[in-house]
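The values are calculated or read from the model by the stated rules, or taken from the named source; none is laboratory data. In this text the structure is predicted, and so the values were computed from the model without any measurement. Side chains included, ligands, DNA and RNA excluded: accessible areas come from the protein's heavy atoms. Shrake-Rupley method; radii C 1.70, N 1.55, O 1.52, S 1.80 Å.
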Amino acid sequence: MVTYQLPKWQQSDLPPITTSLSDFMLIRENQYLFVDKTAYICGLFRNNKVFLSRPRRFGKSLLLSTIQELFTNGTQNFEGLAIHDLWHRPCRPVISLTLFGLNSPETFEEGLCYRLRTAFVKAGFVDARSINAKNFMELSSELEILQGRTSIVMLIDECDFPLSANLNDREGFDHNKKILRMFYAWLRSLGNIEFLMFTGIGRYQDTSMFTGQDIKDISLDPSFAYLLGYTQEELESYFAPHISAAASLLKISEEQLLDTLKRQYDGFCFDRDASTSVYNPISINNFFQQVVEKPESVPVFGAYWMNSSNAAPVLRTFLDRNKPSLAFLDDVKDSGIELSQSELNNAYTFDELNFPALLTQTGYLTIKEVTTNFQSDDDRFYLCSFPNQEIEQAYISIFFRYITQSSYSGDDNWIRKATQNLLKAFYQKNIAQVVTEINVFLCAIPYDLWINAKEATYRTYISWCLQLSVANKVRSETLNNRGRSDLEFTFNDCTYIIELKRLPQQKDPKNAVKLADVAQQQVYDRGYGFNDLVDGDTKRYGLALVIAERSRQIEYWRYFDGTHVIAENAVAPISMENPPEQAK
C-alpha cells in the first residue's frame, strides 16, 4: 500500500466543505476540502475490469469522476495529490454514465440508450449524436462501429439501481434485468476496453456482470478497505481546524468531540479481514459544514447519511419484502447477525434475496468481527451489526414502526405521544408512569410476533423504546467482573439500571414480588451500574421490571437506589377495559 504524508492544516484555516458535489474538477476549482484518496487508485488497475460495492453516499461517484479526469487530462489538475507522481498511463476517451434514476420499466431502455449515446458524445465521439437506433441492440452495434479499435475507458455508476428500485415489482425487475443483461454482456465482449469499472450497492445474478471470472469484485479486498470513507488519521488531519472550532462551539474538549464522532459515524468495515473501519464521509462533511457556514451556532450530530441517501425508504422496502421477526431484531441488537463470506459475495435473484447480506451491502449493517476463519476465504464467517449510533437510531425508528404496523403518513401519533410521555415521566421520576408508557409500547406489538419470545426480545424492544424517547445510547448486557446487567443508560444526570424478569404463565402472580426481590439483589450483588462506563458523579437507580407471559406486559415494578426500595407496585395490564392513563 502506498504511504504518503497528510497535509497539516493551520488551526486558523477553515477550508470550505461540500456535501453535494461529486465532480472532482468542481471540488478542486472551488477549493473545497478534498481528502486525498488518490494513492489507492493505482491499485485498481491490477485488473482491467472491476466491480466495487459500497453503500450510497460513500464517494463512489467522486471516485469515478477522479478516474475520468486522470484518463482525460492526466495529472495536470492533481498537483499536490498523492497520485501526481505515480500516474503514467496515456489519456483515453472515457465513457462515463450513471444508471441512477433509471428504474421505470416503461422508459428504462430508452433512458439507457440516451445516456450511453450522450456519454460517447462527451468522450469525443461526436458522431454518436446522429445515431437513430430505436433499441439497445441497434445502438450497441452502431457504437461498436463508431469507436472502432480506439482504446476506451468505461465507468458505470449505480449499476444495480434499475433492479434495487424494483424489489417490490417482479415484472419491472425482470424487464430491467433483461435490458441490463444485454448491456453488461456487450460491455464484457468489447475488445478495446483498457479499463472498465462498475460501482453499485447490491449484487444480482442473471445480469451477466458476474458471469465468468473477468470482472474482479474488489468490494471486500483489504487493499481497498480505505478507498472510500475517512480513516481516523484522515479525520484528525484534514479536519483539524474544524475539530478545534466545533469543540469550542460545543464547549467540550477535542478528545470528547472525537470520541462522540467515532460513536456516531465511524464503524463501517469493507475488509474481509475485519481489521479496518472508516467514517461515513457524508456525515462527517455535513457535521463540519455547520462549523464553516454557521460559525456562531452549535453544530448538531444529525442523521446525515440516512437523511441524504434516501436510505429510510429503501430500508422500508426491504422490510416489506422480507418481513423479519422479533428474533432478527434480537440478533441485530445483541450478538449480531452471522454471515458467511460467500453470502456477502453472492449475487442474488428477485426470489432469493439474502436479507441480512443485503442490509450489510447497503450499509445498515457492517462487518464487526471474523468468527470462524478456515483455510478458504469462502469459509469465513462474520458477525455483522450496526456500524454506529447514527444508523442504529434511524433503524430503530423504521423497524419500530414496521413491527407495530404503524404507517409513516399520520396514524403513528400514538408513537409520538408515548415517546413524549415516557420522556416526561423520566424527567419527573414518575416511575409508575414510566411503566405505563412502556406497557403502551409493549401492547402495540401484534400477538403473533410475541410467539416464543425470549427475555432478550423484551430487553431489546424496551431498549429501543428508551432510545426513541429518552437516551440515544442504551447499553444492553453491560459486562462487569460479576455479571451482565440487562439495560443501563444515563439521563438527566441519573444512571438507571434495569433488570428484567419473566413471570411464566402458569406461575402465581404473587411470585412477581419474589422476582423483583431477585432482580434487586442481583443489582446489589453484582455491582451493576458501578463500572467504568458510568460517571462517578451521577446518581444511580435500579428498576426491576417483571413481565408476565400471560399479558406480555409489565405487571410488577420496583424502583430502588443503593440502599433501599423507593417505590413499587403491581400493574394491571393495559386493555380495552383498562386504558392507559395519560401523563399529566
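A compact table of results
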| quantity | calculated |
| --- | --- |
| Solvent accessible area, Å² - HIS564, 1.4 Å probe, full protein context | 90 |
| Estimated [θ] at 222 nm from DSSP helical runs (n ≥ 4, -39500 (n - 2.57)) normalised by residues in the chain, nearest 500 | -11500 deg cm²/dmol |
| Area accessible to solvent at TYR382, 1.4 Å probe radius, in Å² | 0 |
| Listed candidates [x] 26; [y] 19; [z] 15 - label of the one calculated as percent of Cα pairs over 45 Å apart | [x] |
| Region 230-292 and region 175-199: distance between their alpha carbon centers, rounded to Å | 37 |
| Heavy-atom accessible surface of the chain: percent carbon and sulfur, 1.4 Å | 46 |
| Per residue, in Å², the accessible surface of the chain once ligands and nucleic acids are set aside, probe 1.4 Å | 44 |
| Accessible-area order (highest first, 1.4 angstrom probe) of the listed residues ASP331, ASP127 | ASP127, ASP331 |
| Built amide H within the under 5 Å cut-off of THR98, gap 5+ | ASP157 |
| Exposure of LEU258 as accessible area (Å², to 10), given a probe of 1.4 Å and all protein chains | 30 |
| Cα shape, region 168-224, gyration tensor, a/c 1.5 rule | oblate |
| Hull shadow area, averaged, region 197-273 [alpha-carbon convex hull, nm²] | 7.1 |
